[in-house]
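See structure below.
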Amino acid sequence: MKLAILDGRAVNPGDLSWDSFNKFADVSVYQETPADLVTSRIGDSEAILLNKIIINSEVLKSCKNLKYIGVLATGYNVIDIDAVKKAGICVTNIPAYSTMAVAQHVFALIMHFSNHVALHNDSVQNGNWIKSPIFCYWDKPLIELSGKTLGILGYGNIGKQVEKIGISLGMNVIVCPHRPNGNKNCVTQEKLFAESDFLSLHVPMNSETAGIINEKTISSMKDGAYIINTARGGLVDEQAIKAALESKKLAGYAADVISEEPMISANPLLHVENCVLTPHIAWAPLETRKRCMDIGLSNFKSWLSGKPVNTIY
């Protein structure tokens with residue numbers, strides 16, 4: 001059994017080990033794989049693991065031995081599902097491994113705006129506290145989160161954890177699920193946009209949600225609201241976000257995801273005031289990545305035993 005790991009660096013840049021996979025297959029690990037090397041690196045492998053490598057019908061035509069694709073992530077939009085179905089290839093993903101880490105990152109971004117820790121640390125390190133005539137000062141207004149309305153668009157595992165943290169901070173939490181459910185705090189999308197002081201996005205990226213944050217929906221929000229996006233960059237119209245930040249309609253936008261990753265120099269959000277961007281790291285604590293790899297191994301072993309789990313179709 002040959003197993004090719006095509007972009008191992010994404011999950012394991014060297015602080016974890018692939019050794020546990022060696023017990024079950026002849027493993028080849030590639031840190032990154034450019035598009036023009038995908039088929040040659042898969043070669044005659046029967047199984048592959050990947051994170052963001054695109055697998056389409058052209059790849060499958062050239063890799064006739066392939067029987068298993070393990071996606072080391074929750075999202076699997078890099079896989080041509082119709083093509084793998086036709087080829088009879090089993091595809092698995094890693095559900096719910098990053099819930100706690102992503103929810104934690106949501107509040108790291110929220111607290112960037114509420115407490116301005118980096119700004120004030122820079123100020124202190126630059127000597128401004130030494131020069132202060134009184135015992136304290138602040139360069140930007142601070143925000144008490146208690147009593148503020150946190151809107152959650154999408155109510156899966158991460159959305160529910162964000163709700164718990166928001167409630168623990170005394171926030172008024174309202175949610176609008178991707179699909180209706182019986183949650184007592186459930187509101188319409190229109191009410192969510194209109195009432196949220198902080199709006200956190202947790203819906204999947206699909207034809208219904210692409211560009212759901214746009215000029216029209218932003219215009220329906222409170223003046224001075226904040227949007228937090230740890231879901232997918234394509235949920236927002238980035239030009240509309242830029243315009244809303246520049247006009248002060250939005251007080252801030254924070255995202256761990258953008259429309260094209262890695263970022264390109266032409267991205268409209270680059271160097272925009274009150275726009276905070278992190279490089280898709282919400283899922284990336286050591287503990288979270290280890291969990292991802294452990295579940296990935298379990299998925300692979302289950303497939304080998306003829307009883308696959310976490311299949312995506």
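Some values worked out for this structure:
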item: Given (1) over 26 Å from the mean Cα position of the chain (by Cα); (2) open to solvent by less than 30 Å² (accessible area, probe 1.4 Å); (3) more than 22 Å from T278 (Cα to Cα), number of the condition S123 does not satisfy; result: (3)
item: Yes/no for S28 being without any contact (Cβ under 8 Å) to a residue 40 or more places away in the chain, outside any helix (DSSP H, G or I) and closer than 21 Å to C90 by Cα; result: yes
item: Hits in region 233-246 - residues which are among the charged types (D, E, K, R) and either touching a Leu at 6+ places or on another chain (Cβ under 8 Å) or closer than 18 Å to Q189 by Cα (or both); result: D237, E238, K242
item: Some residue of region 20-37 being at pLDDT 95 or above, under 25 Å from the mean Cα position of the chain (by Cα) and charged (D, E, K, R); result: yes
item: Some residue of region 116-139 being in contact (Cβ under 8 Å) with a residue 60 or more places away in the chain and not β-branched (V, I, T); result: no
item: Complete set of residues in region 66-97 that are of a type in the set (S, T, N, Q) and either under 18 Å from V309 (Cα atoms) or without any contact (Cβ under 8 Å) to a residue 24 or more places away in the chain (or both); result: T74, T92, N93
item: Whichever residue in region 259-300 is of a type in the set (S, T, N, Q) and either assigned to a loop (DSSP other than H, G, I, E, B) or within 20 Å of I53 (Cα to Cα) (or both) and, among such residues, is most open to solvent (accessible area, probe 1.4 Å); result: S265
item: Positions within region 9-24 being in contact (Cβ under 8 Å) with a residue 40 or more places away in the chain and out of contact with any helix residue (DSSP H, G or I) (no Cβ under 8 Å at 6 or more places or on another chain), in sequence order; result: A10
item: Qualifying residue in region 162-173 (condition: in a helix (DSSP H, G or I), buried (at least 18 other Cβ atoms within 10 Å of the Cβ) and within 15 Å of the chain's Cα centre (by Cα)); result: yes
item: Selection count where residues are out of contact with any strand residue (DSSP E or B) (no Cβ under 9 Å at 6 or more places or on another chain) and either more than 19 Å from K164 (Cα to Cα) or open to solvent by 60 Å² or more (accessible area, probe 1.4 Å) (or both), scope region 86-107; result: 6
item: From the options K248, K216, K307, residue that is surrounded by fewer than 18 Cβ atoms within 10 Å (Cβ to Cβ), part of a helix (DSSP H, G or I) and more than 20 Å from the chain's Cα centre (by Cα); result: K216
item: Candidate set: region 44-54, residues that are in contact (Cβ under 8 Å) with a residue 40 or more places away in the chain and open to solvent by 30 Å² or more (accessible area, probe 1.4 Å); chosen: the one nearest to V78 (Cα to Cα); result: K52
item: K64 within 26 Å of F21 (Cβ to Cβ), open to solvent by 80 Å² or more (accessible area, probe 1.4 Å) and touching a Phe, Trp or Tyr at 6+ places or on another chain (Cβ under 8 Å); result: no
item: Checking A83 against (1) closer than 30 Å to I295 by Cα; (2) open to solvent by 40 Å² or more (accessible area, probe 1.4 Å); (3) in a helix (DSSP H, G or I), the condition it does not meet; result: (2)
item: Pairs, first in contact (Cβ under 8 Å) with a residue 40 or more places away in the chain in region 206-221, second buried (at least 18 other Cβ atoms within 10 Å of the Cβ), C-beta under 6 Å, six or more apart; result: I212/L235
item: Set T278, T288: member being closer than 30 Å to K23 by Cα, among the polar types (S, T, N, Q) and modelled with pLDDT of 95 or more; result: T288
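The values are calculated or read from the model by the stated rules, or taken from the named source; none is laboratory data. These numbers were taken from a predicted model, which means no experiment stands behind them. Cβ atoms come from the backbone with ideal geometry, glycine included; neighbour counts cover every protein chain shown. Side chains included, ligands, DNA and RNA excluded: accessible areas come from the protein's heavy atoms. Shrake-Rupley method; radii C 1.70, N 1.55, O 1.52, S 1.80 Å.
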